[in-house]
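Rule-based calculations on the coordinates, nothing more; no lab input. This one's a predicted model, so the numbers in the text were calculated from it and none came from an experiment. Note: ideal-geometry Cβ built from the backbone for every residue, glycine included; neighbour counts use all protein chains shown.
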Amino acid sequence: NMLGIDKLSNRFASKMILAFALIILIPTTLSGFAFYLESSSLVKKNVRASTVQLTEQTADALSSMFNAGSDASDLIYGDLQVQRAAMNYSTSTLSAQMQMNQSMSTLLNNMVYSSSFVRVVYVVKDGGTGCGSGTFSSMKLRRTDLSRLDCGVEARKTDGALVWQALHKDPFSGAGD
C-alpha cells in the first residue's frame with residue numbers, strides 16, 4: 001500500500017510541477033511575444049522617421065546647392081561690369097579688353113572663393129570671347145563652337161533662364177581634361 005501512496009504523491013507532485021510550469025510559461029511567452037510585437041513596431045516607426053528626416057536633410061542640402069548656383073548666376077547676370085564687358089568687348093581696344101579680362105577674372109574668382117558650392121564660373125559669348133574663374137583657358141574657348149555644346153544649346157532654348165545639367169567634362173579648363 002506504501003507503493004500506492006508513493007505513486008499517488010509522485011503523480012500529485014508531477015501535476016503540481018506541470019501546473020506551475022504552465023502558470024509560469026504561458027504568461028511569460030505571451031508577454032515576450034507582446035514585447036516583441038511592440039518593440040518591432042517601435043523600431044519600424046523609428047526607422048521610417050529617421051529615413052524621412054534624412055530625406056528632408058538631403059533635399060535641404062540640394063536646395064542650398066541649387067540656390068547657391070542660382071544666386072551666383074543672378075549676381076553675375078545683374079552686375080553692370082559684366083554687362084558692359086559683354087556689350088563692349090569686341091569694339092574695345094586691346095588694352096581695354098585686357099583690363100576687362102583682368103577685372104572680370106577677379107570678379108569671377110571672388111565669386112567662386114566666396115561660395116561653398118560654386119566651383120567654377122564662366123561668362124562666354126559667341127565668337128570665342130569670354131572670361132572665367134580658376135584655370136579658364138581662352139584658347140580652348142576660341143577652339144570651341146558654343147552652339148555645339150549642350151549648355152550652349154540649352155541656353156539658347158531657354159533664352160536667359162537658368163539651365164541645370166548633369167556634371168560633365170569642363171570644356172574650358174586650362175588644367176587639362
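Counting only alpha carbon atoms, the long axis of helix 94-113 and the longest principal axis of the chain meet at about 10°.
Along segment 41-51 the Karplus relation, 6.51 cos²θ - 1.76 cosθ + 1.60 evaluated at θ = phi - 60°, assigns HN-Hα couplings of 5, 5, 5, 4, 5, 5, 5, 4, 5, 5, 5 Hz to successive residues, with x for each Gly and Pro. Our helix-only sum for the chain, with -39,500 (n - 2.57) per DSSP H run of n ≥ 4 divided by its residues, gives a mean residue ellipticity at 222 nm of -24000 deg cm²/dmol. Contact order normalised by length for the chain, with contacts defined as Cα pairs under 8 Å and 6 or more residues apart; what percent is it? Relative contact order for the chain comes out at 12 percent. Bridgeable lysines around K15 (alpha carbons under 19 Å apart, same-chain partners fewer than 8 residues away excluded): K7. Taking 28 Å as the straight-line reach from the Cα of K157, the lysines in range (excluding those fewer than 8 positions away in the same chain) are K125, K140, K169. With K and R counted +1 and D and E -1, the other residues having a Cβ less than 13 Å from that of A155 yield a net charge of 0. Based on alpha-carbon atoms only, what is the radius of gyration of segment 3-112 relative to the globular estimate 2.2 N^0.38 Å? Here the answer is 3.04, to two decimals.
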